[in-house]
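Encoded as structure tokens, the structure appears first; notes follow it.
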Amino acid sequence: MFDQRRAGVLMHISSLPSKYGIGVFDQNCRDFADTLCVMGFRYWQVLPFQPVDGAGSPYCSASAFAGNLLFIDPEGVRKLGLCDEADVRENIYPGTPYTADYAFAQEKRMMLLRKAFSRADKAFMEKVEDFAADRRWLRDYAYFMALKEQNAGTPWWEWSEDQADYRRFLAEKKESFEEEANFWKFCQYLFFFQWQSVKDYINQKGIAVIGDMPMYVAMDSADVWAGIENFAIDPQTRRPEKVAGVPPDYFSEDGQLWGNPLYRWDQMKKDGYSWWISRLNSAFALYDAVRIDHFRAFASYWAVPAESKTAKNGVWEKGPGMSLFRRVFEAFPDVPILAEDLGVFGEDVVKLLSDTGFPGMKVVQFGFDPGADSLHLAHHVVPNSFYYVGTHDNNTLLGWLWEASESERRFALSYVGFDGDNWGDGGYRAPACRKVIETVWRSAANTVIISFQDLCGFGADARMNIPGVPEKNWRFRTTKETIDGIDQSYFQRINALFRRLYPLPGKESR
């Protein structure tokens, strides 16, 4: 899938225009696909579709399988006859269109979905049951969320013993929660029903969707509650001894302490890594290809004592390596995986990438160290790779130029061939940004990706996430007028010039 020269745009659903305080699966998704198609882009990359945590992060979810209910389009629910126009109007956001309001969307969407569930007839619920029948994860997630509701949102290890113990719950208590569990199954059905319609349209435009899979799951999740044996957690105390993170790196001098439970790889190996096979199978039902975040942890991972206040005190421990991926290739012979291999890593990660054949990642912003010959510079980038102008964790390109040291900026501008004096100008035609973009585009990388913010030449205030900073992330949103203002002819031209259009002018599609 990744063996031809292509280009893509990173734009999460939450950032799309909408009336509802957050992007949803509505006409705006289709309009954005139309815009990508006109410009010659062939990939639309998104962030994880899983439910977000209290800070809006999609990387710390209550489920590795479930979909984010905030993406459900209220108008689409009305068209199914499950709510009224007044219910849709209640979901319209009165605030700024430039910031995602997760709290508003959560409150209003849940009210609408509760009403919709109360109006679902027997025939509709039979469709829900058929949908749930082949999804074991959905049963566990539905019960987990039903228990969460009863326990006022407290983490599962604080529940009563007959609820915190998954197997005891199934044996003794599940009948009491069937109706509430059916509500959560109903919501997931709506999510997948709406997304499939949108994705079909995107694919018909010749665009593939690249999804994102976090390496780890949240401690307070259905995955851990229902499968505690798969995680390095004391079964008596139900607390982890070590947690996930990364050592000091580009983003943080203290490292990043994520706090996720670590996998018990020896246990997972016993049943052929069935949880991972199920997870990938679910991901490929959502997306056309998948980026695995923090892929390096499959080779070796940073294990931090659970009581530690920073990630500095961790140690490297061995991951499953090819033992897992041999099983993956058995299940998915042509698996379209992109490996996020950024950060600190050694030869074990290099070898795992080589053995799997997955493309890795490079980010041009990381290359502009004037004292080094970085592998992130365009002249080092190999064809089997994804080359990014910036990821969701990076500053915007214009923001980086403004915040870089004088020596970094001077080297960057010289490297990309910018010799003007207006490097700080932003906007759709930002001259210095265009030189960097063209440097990425002319590289040997088969795939190049640009964030939506950099299509527009936005500054640091449009940044999606600052790693290690827990607040005010994941909120960037845009408007239809902003999307319409993009210089489409410019991106169509560079996609053609650097042979990233498909099919190329004068060639027939194969």
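Taken together, the values in this text are just the output of simple stated rules run on the coordinates, not laboratory data. No experiment lies behind these values; they were computed from the predicted model shown. Please note: Cβ atoms are built from the backbone with ideal geometry, for glycine as well, and neighbour counts cover all protein chains shown.
Taking the simple approach of a point 7 Å from Cα along Cα-to-Cβ for both S278 and M110, what is their distance in nm? Taking the two extended label points, one gets 2.6 nm.
Measuring nothing but how far apart in sequence close Cα pairs (under 8 Å, 6+ apart) lie, relative to its length, the stretch 160-314 scores a relative contact order of 27 percent. Which FRET efficiency value, to the nearest 0.05, do you get for Q27 and D162 by plugging their Cβ-Cβ distance into 1/(1 + (r/R0)^6) with R0 = 30 Å? Approximately 0.05, to the nearest 0.05. The convex hull drawn around the Cα atoms of the chain, when projected onto a plane and averaged over every direction, covers 24.0 nm².
Under a 5 Å amide H cut-off, with hydrogens placed 1.01 Å from N, Y263 pairs with A232 among residues at least 5 apart or on other chains. Packing order of peptides 230-238, 20-28, highest average first: 20-28, 230-238 (average count of other Cβ atoms within 10 Å over each peptide's residues).
In terms of overall dimensions, the stretch 222-344 has a Cα radius of gyration and Dmax of 15.2, 42 angstrom.
Given a cut-off of 17 Å, what percent of all Cα-Cα pairs of the stretch 11-101 lie beyond it? Could the numbers behind the result be given before it?
On the way: 2292 of 4095 pairs.
Summing the P(r) of the stretch 11-101 above 17 Å gives 56 percent of all pairs.
How do V46, V344 line up, fewest other C-beta atoms within 10 Å first?
Numbers: V46 21, V344 14.
Result, fewest neighbours first: V344, V46.
If packing is taken as the mean number of other Cβ atoms within 10 Å per residue, what is the order of 72-81, 113-122, highest first?
On the way: 72-81: 18.8, 113-122: 15.2.
Put in order of decreasing packing, that is 72-81, 113-122.
How many percent of the alpha carbon pairs in the stretch 1-157 exceed a separation of 28 Å?
Details: 3608 of 12246 pairs.
Summing the P(r) of the stretch 1-157 above 28 Å gives 29 percent of all pairs.
If I take R0 = 45 Å and measure r between the Cβ atoms of K270 and Q196 in this structure, what FRET efficiency does the formula 1/(1 + (r/R0)^6) give, to the nearest 0.05? Don't jump to the answer; show the numbers that get you there.
Values: r = 34 Å, r/R0 = 0.76.
Once the sixth-power term is evaluated, E becomes 0.85.
The long axis of helix 488-497 is offset from the longest Cα principal axis of the chain by roughly 70 degrees.
Converting phi to 3J(HN,Hα) with the Karplus coefficients 6.51, -1.76 and 1.60 and the offset θ = phi - 60°, the stretch 419-436 yields 10, x, 10, 10, 4, x, 6, x, x, 4, 10, 3, x, 5, 4, 4, 5, 5 Hz in sequence order, with x at every glycine or proline.
Between helix 406-416 and the chain there is an angle of about 80 degrees, using the helix long axis and the longest principal axis of the Cα atoms.
In terms of distances greater than 20 angstrom between alpha carbons, the cross-link table entries K79/K108; K115/K199; K242/K309; K312/K362; K19/K122 yield K115/K199; K312/K362; K19/K122. Taking amide hydrogens as placed 1.01 Å from N in the peptide plane, the amide H of L10 sits under 5 Å from those of Q45, I450, S451, F452, each at least 5 positions away in sequence or on another chain. For V363, the residues whose amide H sits under 5 Å from its own are Y388, ignoring neighbours fewer than 5 places away on the same chain, with H placed 1.01 Å from N.
Mean projected area of the convex hull spanned by the Cα atoms of the stretch 148-211, taken over all viewing directions: 6.2 nm². By the count of other C-beta atoms within 10 Å, a proxy for reagent exposure, W157, W302 are ordered fewest to most as W157, W302. Principal axis extents of the Cα atoms in the stretch 87-203, from largest to smallest and rounded to whole angstrom, are 45, 31, 29. Summed over qualifying helices (DSSP H, 4 residues or more, each -39500 (n - 2.57)) and divided by its residue number, the chain shows a 222 nm mean residue ellipticity of -11500 deg cm²/dmol. Counting Cα-Cα pairs of the stretch 299-404 in 10 Å increments starting at 0 gives whole-percent bin shares of 12, 34, 33, 19, 2. The radius of gyration of the Cα set in the stretch 361-464, together with its Dmax, comes out at 12.4, 35 angstrom. Residues H379, H392, ranked from the fewest to the most other C-beta atoms within 10 Å, line up as H379, H392.
Here the extension length gained between D461 and Q236 equals 76.4 nm, from 0.36 nm per residue of separation less the Cα-Cα distance. Taking 0.36 nm per residue of separation and subtracting the current Cα-Cα distance, fully stretching the chain between D121 and K318 would add 65.8 nm. Once the Cα atoms are used to define both axes, helix 274-286 deviates from the longest principal axis of the chain by about 60 degrees.
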